[in-house]
Every structure is written in structure tokens, then in C-alpha cells.
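**Student:** Questions regarding the structure given below will be posed in turn.
Read-outs: derived from the displayed coordinates by stated rules, not from any lab. This is a predicted model, so every value here is computed, not measured. Positions of Cβ are generated from backbone atoms using ideal geometry, with glycine treated the same way; all protein chains shown enter the neighbour counts.
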Amino acid sequence: MQVTGSSASTAPGSVFEAIVSRSSTKKFADIPLARHQIETLLIAAARAPDHGLLAPWRFTILEGSSRGVLGDAMSTALLEKMPDADAEAQQREASKAFRSPVLIVVSALPQPHPRVPAVEQLVAVGAAIQNLWIVAHSMNLGAAWKTGSHAYSATVKRALSLAEDEQILGFLHVGVPLSKAVIRPADLSGKVRWLIDRQE
């Protein structure tokens, strides 16, 4: 069974339509976002399901020249991993931080809790990212969720002033989209089990 935005039997502008019509943005316009737009996205993110009300999400906002903080850290991290990387490779790595006018680094800071294991707190942060992305899409903005080795780099974490036990779950690029990836159908084939009532 496959579902796409165009085949969904819901009203245009519905939450369902926003979800199934979402796709990653491949290229962003060089247009800054207003502070209230970014704050709207963060409010949506903070309304994610959160067992224990622990709010394990953290958001680091990079705009304008501040993106260079991450870019420089990415270049340094590349050299740590590949000491022979030339200047062109280092510059290419640093430029990744400038793919969009706004870059939101989403991290998780799990807290010890007797009933809420760390994995549930990480899932909550993932849900926060999804909320942010869907609302961005509903605002005619684009987003792209990136990770890669830099999400696990101590050098990158230090550059962003993250806590030692803070985990980066995504570099979320946000802005006005110029091009997007093709919408992927929701393919449920072989992924759903229906437990049928037993007949007495």
C-alpha cells in the first residue's frame, strides 16, 4: 500500500497533507528568516511528545557569520579524521554550514530517570525535529536533516559549546526552498501486521 500527498483523501492544507507532501530541500535561497519565523518552528518542536516532561531537546541557532563557527569546526574535524585532506577539501567541508540561511543544530541532553530511559528521550528529540520540519513545510519553508560524522565529533561539540553528554541528533537546514527532492511514497508493504480477533 502506497500513499502520496496527491492521492490522500484529505482537505488541502491539512496536517496529513503537510506530512505526506514533505520532502528534503536540496537547494536554498540566500534569504534570511525573521526571528519570529524561527521561534515559531522552535515552539512547534517543543510540543513534541515527551514522556516524563523532561524536555531533553536543545537547539543551537546559527545564522549569518555564526555559521562559520560550525564550518570551521567541520573543517578541523575533517583534518582529524583525514590528515592528508587538502585545502580544497577543507573548504568544501566548511561550506556545508552555509547551505541554508538558518542552521538549527538539534541535540539531546538525556537525564537520568527511573521510568524514562535515555532511548525514549532521544526519540522525543526526533519527534521534535519532525514537528519543526512539518511546520516549516506548512510555512512554505524548506528543510534538510543532516547528520554524518560531524554529529559525533567532540571537536564540533566543543565549538558549539555543547555539554559533554549532549548528543547531536541533526543539523537541520531551514530556509526558502529553490529545489526539493522527489516526494517519496509512504510504502507500507510488508511493514504492517494486523492482529485479527480470534474466533471462539
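**Student:** Subtracting the Cα-Cα distance from 0.36 nm times the residue separation, let me have the gained length for Ile43 to Phe16 in nm, one decimal. Can you show the working numbers first?
**Tutor:** Values: separation 27, 0.36 × 27 = 9.72 nm, distance 1.96 nm.
Answer, rounded to one decimal: 7.8 nm.
**Student:** Roughly speaking, what is the centre-to-centre gap between segment 66-85 and segment 134-165 when only Cα atoms are used, to the nearest Å?
**Tutor:** 15 Å
**Student:** Moving on. Springs between alpha-carbon atoms under 10 Å, Gaussian network over the chain: tell me which of Gly142, Gly175, Gly64 tops the mean-square fluctuations.
**Tutor:** Gly64
**Student:** Picking from His137, His113, His173, which is most flexible by a Gaussian network model of the chain using Cα springs under 10 Å?
**Tutor:** Residue with maximal mean-square fluctuation among His137, His113, His173: His113.
**Student:** Take Ala29 and Leu188, extend 7 Å from each Cα along the Cα→Cβ direction, and tell me the distance between the two endpoints in nm.
**Tutor:** Going from the Ala29 label point to the Leu188 one covers 3.7 nm.
**Student:** Please list the helices of the chain that count as membrane-span-like by this rule: a mean Kyte-Doolittle hydropathy of at least -1.0 together with Cα atoms stretching 24 Å or more along the helix axis, each helix being a complete DSSP H run.
**Tutor:** Those that pass (Cα extent of 24 Å or more, hydropathy at least -1.0) are 118-138.
**Student:** Using the charge dipole of segment 56-200 (Lys, Arg: +1 at Cβ; Asp, Glu: -1 at Cβ; taken about the Cα centre), state which of Ile61, Ala128, Thr147 has its Cα farthest towards the positive end.
**Tutor:** Ranked along the dipole, the leading option is Ala128.
**Student:** Filter the trypsin sites (Lys or Arg not before Pro) in segment 65-126 to those in DSSP coil with at most 16 other Cβ atoms within 10 Å of their Cβ, and list the result.
**Tutor:** Details: sites: Arg67, Lys81, Arg92, Lys96, Arg99, Arg115; in loops: Arg99, Arg115.
Sites meeting the loop and neighbour criteria: Arg115.
**Student:** Test of understanding: in a Gaussian network model of the chain with alpha carbons linked when under 10 Å, which of Val15, Val119, Val156 would top the mean-square fluctuation ranking?
**Tutor:** Looking only at Val15, Val119, Val156, the largest GNM fluctuation is found for Val119.
**Student:** Now for a different question. Per the helix-only calculation at 222 nm, which mean residue ellipticity applies to the chain, given -39500 (n - 2.57) for every DSSP H run of n ≥ 4 and division by its residues, nearest 500 deg cm²/dmol? Please report the intermediate quantities before stating the final value.
**Tutor:** Values: 6 runs with 67 residues, N = 200.
Mean residue ellipticity, 222 nm, calculated: -10000 deg cm²/dmol.
**Student:** Taking the Cα centre as origin and putting +1 on Lys and Arg beta-carbons and -1 on Asp and Glu beta-carbons, what dipole magnitude results for segment 72-200, to the nearest 20 debye?
**Tutor:** Working: 13 positive and 13 negative charges, 83 e Å.
It works out to roughly 400 debye.
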